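One structure is given below, encoded as structure tokens.
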Amino acid sequence: MAAACVFNLQSTVPKLVSAREKLLVIGGGMAGARAIEEIEARAPSRFAITMYAAEPYAVYNRILLSDVLAGAKNPEGIFLNSLSWFAERQIDLRIGEKIASIDCARKLVLTESGAAQSYDYLIIATGSLPLVPDIANVATPGVFVFRTIDDCRLIASYAKGRRRAAVIGGGLLGLEAARGLLGHNLKVTVVEVMPYLMAQQLDPESAALLARTMEAMGLEILFEKATERVLGNGAAQGLRFKDGTEIETDMVVISCGIRPNVRLAVEAGLRVERGIVCDDRMRTSDPAIYSVGECVEHRGRVYGLVAPLYEQARVLADNLTGSSPAAAYAGSKLSTRLKVMGVDLVSIGDGRAMGGEGHTVTRYVEPELGVYKKLVVSGGKLVGAILLGDTDAASTLIDAYEREIELPRRHSELLFSRAGAGDPNAAVEAMAESAVVCTCHQVRKSVLVEHIRAGAALDDLCAITRAGTGCGGCKSHLEAMMAAYGSDRADPAASYYVKAVPLDKPALVREIKRLELRSVSAVLSRLGIGVDDPESKPGLASLLKTIWGRGYVDERDARFINDRVHANIQNDGTFSVIPRIYGGVTSPAELRRIADAAEKYHARMIKITGGQRIDLLGVGKSDLPAIWRDLKMPSGHAYTKAFRTCKTCVGVEFCRYGVGDSTRLGIAIEKRFQGIETPHKMKFAASGCARNCAEATVKDVGVVAIEGGWQIHVGGAAGSRVRAADLLAAVKSQDEALKIMGRFIQYYRENARYAERCYAFVERVGIKRLREVLIDDSDGDADRLDREVEAAAAAYRDPWSEGAAPFEPTQFAEAIAVEGAASIRGNP
């Protein structure tokens, strides 16, 4: 007997009469896939499911597209459901197959290739389309939308060799597109028709603060500009606005928002207003057709965030499977954690109210640190909040908002509770068990703790609960929860500083100082597990030099070859020689010596580096002492884990936009910190104005001149990982900037894991904790940190001086093959 479906008009719950019914899903995005997951969890194998994905890919996380555009993630790294996942569940995934029409009367869909497929139930999850304003000449080559993986690839390919890009749209999507374009070393201008950024999430005051931070990162922002025309013949060359002004640009990305993709529903005769109208059970006007995601309109609202779409998917699955006939979607209370170009932002409810009309508003602002906090309270309950730059209170506020908890009379207690202050472990312990940690997937603390205590590792926790797999904004909370609740089950070796010594870094430092161990061999002998582990030696050598400075006993076999000969080995066994050029400023005499040395020692390539230095590549090991002598310049430390360079712009000396002497400060930075070894390499930059030509906000440490002082940023990255640095402090003088930077360097030296990049350290510790320790001196340790870094700086000795007095006779000898044996060739 063929499968059939009978509706009870009172319960409207479909009842299965016989075997597997056909369920078609139109749309291969996150909402459609989540609906299938929820259905399979409730009624495995009940439906014969076919999913049509218009894009030529399986399901991927659209939230992370800006990371793909920036080059921080590979496209493969954002896929959610593998092809094997569908195959294991016998789900027929039709990748790249588009639906042309729906015949509701006959319960058929027709593909663009002409194939027909019948269904018992249909789910429309067609998502949304990019909203493109009415702009003349918008089809010009070089104009793109930003919505899919293919869009990212097209934009990234076109950006090569271009200098300028314009992004039309200053909302969340526009800023994410701008962040991605900055990763391609483009000068990016954001064009916004409103008077401020992110008008859906922010009020004017917080938006102005965000704009200032964005401008410090190198963005140019134009407000109240309505684009009229794309300029250029054959390719985009500029934009003209309705007020008559124009800008030049080499490419345009339109990211003005989204609109529900409702064509199929309209043509099928379903009820459509802004979106496909659904009832509380996620049914359309046709009882056999459901809908979910950004294409849906429910109670007059259309949602574009992940959490509501997943809530809809749960209700849809409850009703379609009959597992919870009373399940109803009543709409979503919106809260979201965002990271806008590296700046933490939490938006809860509607935080844009300015007071009055029964609303009480509480604000706290620290403009120099980019911190803005605002609560909107009505009837004693939280109805909206904005947290910008400091989001520690987010979980507490989201919980209060969602559960409509009666608030304390002093609303500031919610913003400045000291529970767990400065200690991320204590902060998560202070959260209510009901607190939502992952807003994308609505995962509560109690669920996470249960899995952690059952022994789940972090990756397992994310896979089981899906927490951290959406926008990623809760990852730091998950790591803190693992530390707070999973330590008794964790592999103790995971905390060891190096694997040959069974101690974490603080315990290892204490024992080294107590026993006065000054060499790697002494540490391994007294504290090790009895294994002479070569992989552990470089980390121990770095730590000992940090602790003892000149009192460290240098055993060269404990170091990498680069550190033994003070040059970077290349793939052919030759070395690169990079002399220090302070602040990127050189002289004709230095350039002549560099040119002469390159010719004399047969350098195979002369390369300008990204750190504004000159690299002589292809130098033989035995020639290193001689080339150093002829250069008469100090080592640039381009081969080791240490302070390396400070990139600068010309600042006030020549630039008409400069407000600070970045060149002088950059030179001072290099002279102060040269040679200081750190857990990983450190690159600095100093920019003389908010245009940020030295790219200070994507460096390990960067300073940006502002009117009346300098902003200090830490934790940036622009390599395999792209990350905007966090604002640590704003100071008035260059001397203050040098002091705070030195303090940060020393704290990083003492507290980072070996080979932990600065950006990872900042993310792990948290910018709030760094401000407390380094700026507020909460631990009373600032003076000691200042003394320690001064001592490290005073201990500087140019390593290239070993060319004249080698550490050991064979230090610069080359191994050569002589009749199958190794021979040593000494220096000439």
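The values are calculated or read from the model by the stated rules, or taken from the named source; none is laboratory data. Here the structure is a predicted model, which is why all the values come from computation and not from measurement. Cβ sites come from the backbone with ideal geometry, for glycine too, and all protein chains shown count toward neighbours. Note: accessible area is taken over every heavy atom of the protein model, side chains too, but ligands, DNA and RNA are not part of it. Shrake-Rupley method; radii C 1.70, N 1.55, O 1.52, S 1.80 Å.
Observations, loosely collected:
- Radius ratio Rg over Rh of the range 137-276, counting only Cα atoms, Kirkwood formula for Rh: 1.01
- Reachable lysines, given that their alpha-carbon falls under 26 Å from the alpha-carbon of residue 107 and they are not under 8 places away in the same chain: 15, 22, 98
- Rounded to 5, the percent of DSSP beta bridges in the chain classed as antiparallel: 65
- About the centre of its Cα atoms, the range 301-453 shows a dipole size close to 220 debye [charges on the beta carbon of Lys, Arg (+1) and Asp, Glu (-1) only; nearest 20 debye].
- Taking each residue as 0.36 nm, the span from residue 787 to residue 801 lengthens on full extension beyond its C-alpha to C-alpha distance by 2.4 nm.
- Look at the alpha carbon pairs under 8 Å that are at least 6 residues apart: their mean separation over the length of the range 333-416 gives a relative contact order of 27 percent.
- Accessible surface of the range 646-742, 1.4 Å probe: 49 percent of it comes from carbon and sulfur atoms.
- P(r), alpha carbons of the range 558-637 - 10 Å bins starting at zero, rounded %: 18, 57, 23, 2
- Of all lysines in the structure, the ones whose alpha carbon falls short of 21 Å from that of residue 681, not counting any fewer than 8 places away in one chain, are 505, 537, 545, 607, 641, 647, 671, 699, 739.
- The modelled label-to-label distance between residue 136 and residue 409, using points 7 Å beyond Cα along the C-beta direction, is 6.4 nm.
- Using the Cβ-Cβ distance between residue 499 and residue 464 with R0 = 25 Å, the FRET efficiency computed as 1/(1 + (r/R0)^6) comes to roughly 0.30.
- Global size of the range 693-768: 12.1, 38 Å for Rg and Dmax (C-alpha atoms, Rg to one decimal, Dmax whole).
- Distribution of pairwise C-alpha distances over the range 643-796, 10 Å bins, in %: 12, 45, 36, 7, 0
- Kirkwood-Stokes translational diffusion coefficient of the chain, alpha-carbon pairs, 25 °C, 0.890 mPa s, µm²/s: 82
- Annotation: amide H of residue 681 within the under-5 Å range of 642, sequence separation 5 or more or interchain, hydrogens built in the peptide plane.
- Entry note, the chain: relative contact order of 8 percent, from Cα contacts under 8 Å with a spacing of 6+ residues.
- Summarising the label geometry, the points placed 7 Å from Cα in the beta-carbon direction at residue 212 and residue 733 lie 2.3 nm from one another.
- Calculated FRET efficiency for the pair residue 457/residue 755, C-beta based, R₀ 30 Å, to 0.05: 0.90
- The range 511-551 and the range 307-383: distance between their alpha carbon centers, rounded to Å: 51
- When only alpha carbons are used to place a centre, the range 133-172 and the range 176-194 end up 10 Å from one another.
- Only helices reaching 20 angstrom along their own axis (Cα) with mean Kyte-Doolittle hydropathy no lower than -0.5 count here, and for the DSSP H runs of the chain these are 306-321.
- Of all accessible heavy-atom area on the range 333-416, the percent that carbon and sulfur account for (1.4 Å): 46
- Efficiency of FRET from Cβ geometry, residue 42 and residue 224, R₀ 51 Å, rounded to 0.05: 0.55
- Accessible solvent surface per residue of the range 48-142, calculated while the other protein chains remain in place, 1.4 angstrom probe, Å²: 44
- Quotient of C-alpha Rg and 2.2 N^0.38 Å, computed over the range 111-219: 1.38
- Under the criterion of Cα pairs below 8 Å and six or more residues apart, the relative contact order for the range 551-687 equals 25 percent.
- Site pair residue 92 and residue 153 shows an inter-label distance of 2.7 nm when each label is modelled 7 Å from Cα along Cα→Cβ.
- Charge dipole magnitude, Cβ of K and R +1, D and E -1 - the chain, Cα centre, debye nearest 20: 640
- If both residues of a DSSP beta bridge must be in the range 643-796, then about 60% of such bridges are antiparallel.
- The residues 663, 360, sorted by heavy-atom accessible surface at 1.4 Å with ligands and nucleic acids left out, run 360, 663 from largest to smallest.
- Near residue 444: Cβ cut-off under 12 Å, other residues only, Lys/Arg at +1 and Asp/Glu at -1. The net charge is -2.
- Under the Debye formula (equal points on every Cα, no solvent term), log10 I(q)/I(0) of the range 333-416 at q = 0.17 Å⁻¹: -0.61
- Kirkwood-based Rg to Rh ratio, the range 163-245, C-alpha trace: 0.97
- C-alpha center-to-center spacing [the range 23-48, the range 196-249] in angstrom: 41
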